[in-house]
Structure formats: structure tokens, C-alpha cells
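The values are calculated or read from the model by the stated rules, or taken from the named source; none is laboratory data. If you're wondering where the values come from, they're calculated on a predicted model, not measured in any experiment. In this analysis, Cβ positions are derived from the backbone assuming ideal geometry, glycine residues included, and neighbour counts consider all displayed protein chains. For the accessible areas, the whole protein counts, side chains as well, though only heavy atoms, and no ligand, DNA or RNA atoms are used. Shrake-Rupley method; radii C 1.70, N 1.55, O 1.52, S 1.80 Å.
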Amino acid sequence: MEGKIYTTPPPPQLSDSNRRIIETTAPSKRVYQAWKGSNRFFLGGRLIFGPDVRSLAVTVGLIVIPVIFFAAFVSQRLVDEFQHHLGNFIVSVAVVFTIYVLLLLFLTSGRDPGIVPRNAYPPEPDEDGSNLSSDWAGSQGGPPSLPPTKDVLVNGVMVKVKYCHTCMLYRPPRCSHCSICNNCVERFDHHCPWVGQCIGKRNYRFFFMFVSSTTLLCLYVFSFCWVNLRKIMQAYDCNLWRAFLKSPVSGILIIYTFIAAWFVGGLTAFHLYLICTNQTTYENFRYRYDGKMNPYNRGCIQNIKEIFFSKVPISKNKFRAKVKEDSTTFTSSRSMGRTMSPDLAKTSVDIEMGGGGKRQAVNAEEFEEIQSQIESVIGSERCPTEPAHTSWGGSAHKGNWEISPDLQMLAAEFGMETGIKEREKIQGTL
């Protein structure tokens, strides 16, 4: 034993589980940089759009280009025909109203629609007060899992809420997961490709104002294009066709705004009905509420107040907040003859407990304490005549150390199994 030469074992490779648990030190990120949804962020996380944000450029063009043609070709005759600067006022109203519509568009598409923050881990069944049932496959012959639905009381009516496996949470009432943005959105109405964003609790008001204002803008341009044609007919004493030939832009805008007004006007009327009955587009097509079944309907007046006169809730996401990281580094493993890299800074350590399937969070200090206790066991191989001391079982003398399965599991998890195996070999020769 005295002549045996102890060599430093090579540093073991990190296991796959270790690679998932131990995170390398990286520059601190903000929430929007580590976002798991499909959203697109601009201006350092101040603006959030859907993944189809490019369609927003098409929508802007469909609004702005007709107004430019109106101001450039139609308004000139209106300025000449109307006295006391009334023509200039007509053109100014069109331009200002267009800017207002674009502002509503960006308020709708560039803000958090009401995204529910996703959980890092699934909730425990006990924490949610859920009773496990044998009706669903998750509770048969395996570890306990979560029921797919829960019953929630809303205004005296029992409503079922679903569990979202992507966000790992039970969705609040009226919440749904958008497959395009990959987020759960409160009071989800629909995903609008024209604005490139989900329509939910925090932007539905601005969406309705945008659609209704666009309808008014179309009617405004439509009306004054007709006025321009009437002025031409009176000035040249001609019919409508000849007036159209003298001002073709007016005729094109009349056709364009007529079609657009039917589209956005119909959308405005539909959402006005939804507001008065306190429904969402998703609920209307999925559940087909009538007046007696809708638990959210509080009467027309109260429903309108809820949409237009209630305070817009604060976003539950702080997109510019920094991701929390613990910069504590772990000490070197002296008994193993190597130094653990200081790059292995920890945010947290999760140890998978055998048998139960539950995860227990271990912070850096607890990890270091566990590591030191394992080192005290392995350190006895250098001085086998000296007893090794540990806080788990008092003192252990030469030859009577029995390494428990828990200790072996910890050592294997953190790359220290090599020293323990050598320790067992030494004891076998004694």
C-alpha cells in the first residue's frame, strides 16, 4: 500500500444530464432575447409584433397610397371649387385622419396583446387542487400527471379551462393559445394577419377603433371623390362617363373605397355585435353563445363600458428585464486533482430525485456543501489511516465506509464517480 503510486485521473466528460443542468456563463440577456414565443421584437424589446409583421407593410400601403392619390389628384379641384379655404380643410382632414388610423394600427400591432407568461415547470396537481382521475391516461400505471381540464366558477356558471402543454399552465377563462405566435393570450379574439398580431385583452379596444376609423376614412374619400365628379359634371355640362374620363383617379378611388368600406365596415358591424354581447370571435365561432348561456354577458351598457372605459391592464411581461442569473462559481475539486472550471456559473441546479419524478431546486451554496461532503469521502484514499469526517453520518473509520446509493448518484451526476470507484478498490485491498 505504501509503495502504490496515485495518479490523477483524467477529468470525466460531462454527462448529458450534467450539460442540461450546468449552464455556462454567458453575457446577461433580456427577456425578449430569450423569448420562447414566435414574436418579433424591435427597439430593444419596446415593440412586440407577431411573426407575420411583414404583412403590416401591406396594410400601411393599402391605407396610405389611396390617400396620397386623393391629396395629389382629387383635392386640387376641390381647393379651387370651394371658397374660404374649405378645400384646404377637406384635404387636411383626410391627411390627419390617415395619421390617426396609422397610430391606431401601430397601437394594435406593436404592443403585448395580453400574453400569459409561461411556467418553467408544470404545476403540481396538489398545488392546483386538482383531483386525479382514472378517466384519462396520464394517471394509469405511471407517475401522476395533470388533468386536461379544470372547472372554474365564472359569474355563477361553471366553465372548463384547459391545460396548455406548451406554456405548462392552466389557461385563465377566455384565454387561448395562438398557434401562430405560440403564446397563451388573455381574452383571445383572433390572430389578425392584417395587423400582424394577436388580438386580445390589451389591444382589442385599439383594434376596434382602427377598423371603425378605417371605415370612416374610406367613406370620407369615397364621398369627396363623388363630390369632385359632380363638380366636373357641372363645370363641363357632361355626363358621369365624361367626368370619369376627365378625373380617372376619382373613379378608381370610388371603386376602391367602396369595396374596402364593405370589408372593414362589415368587420366593424360584426365586432360591434360582439362587444354588445361580450363575446370574442373565437367564442362566437366555437361556442355559439346565446343570451342565456354566455357567463360574461353583463348587459349591453356594461359590456360597452368594459371595452372602452375600463383601464387597459398592465402587461404581465417585462420584456426588457434581465434574465436572473446567479454568478456564484463552484470551488475546485481538490481530492480529484483537478480544478472545476469557473465558467460553470450556476443559475440553479436541479437534481432529479429517484423514484418520485419530482425536481428539487438546489442553489450554489447547497451544491458546494454536497460537493465538499463527497470530497471528504474520496479524500480518505490519500490518507487511508485517517478517518474521514462528514456531517451526514459523523465519523467513518478505515475500512468501514459504505457509500450509499444516494451518494453514488450525486457523485455520478457531478462527474466524481472516478474517485469513488478508486476508493472502493483501495478498500477491497485492505
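Here the spin labels are modelled as points 7 Å beyond Cα on the Cα-Cβ line, and at I255 and F270 they lie 2.6 nm apart. Extension gain, V152 to V96, is 15.5 nm, computed as 0.36 nm per intervening residue step minus the present C-alpha separation. Please sort by residue number the chymotrypsin sites (Phe, Trp or Tyr not before Pro) in the range 226-314 whose DSSP state is loop and whose Cβ has at most 10 other Cβ atoms within 10 Å. Those satisfying the criteria are F309.
Amide H contacts of S38: N182, each under 5 Å away and 5 or more positions distant or on a separate chain (H built 1.01 Å from N in the peptide plane; Pro and chain starts excluded). Placing E283, E186 in order of accessible area, with the largest value first and a 1.4 Å probe, yields E186, E283. Over 21 Å between C-alpha atoms is what I'm after, so list which of K201/K316; K36/K322; K36/K160; K162/K305 land there. Exceeds cut-off: K36/K160; K162/K305. Length gained on full extension, K311 to S38: 95.5 nm, using 0.36 nm per residue less the C-alpha separation.
Computed with a 1.4 Å probe on the full set of protein chains, the accessible area for K36 sits at about 140 Å².
Considering only the other residues whose Cβ falls under 13 Å of the Cβ of F224, what net charge follows from Lys and Arg at +1 and Asp and Glu at -1? Once positives and negatives cancel, what remains is +2. Counting 0.36 nm for each residue step from S179 to N119 and taking away their Cα separation leaves a gain of 19.8 nm. The residues R111, R298, R202, sorted by heavy-atom accessible surface at 1.4 Å with ligands and nucleic acids left out, run R298, R111, R202 from largest to smallest.
Database remark: amide H of R30 closer than 5 angstrom to the amide H of V323 (H placed geometrically; neighbours at sequence offset of 5 or more, or on other chains; Pro and chain starts carry no H). Accessible area per residue (1.4 Å probe, heavy atoms of protein chains only) ranks K322, K150, K201 as K322, K201, K150, with the largest value leading.
In the context of the full protein assembly, M233 retains an accessible surface of approximately 40 Å², using a probe radius of 1.4 Å and ignoring ligands and nucleic acids. How much accessible area does L272 have with a 1.4 Å probe, in Å² rounded to the nearest 10? The accessible area of L272 comes to roughly 90 Å².
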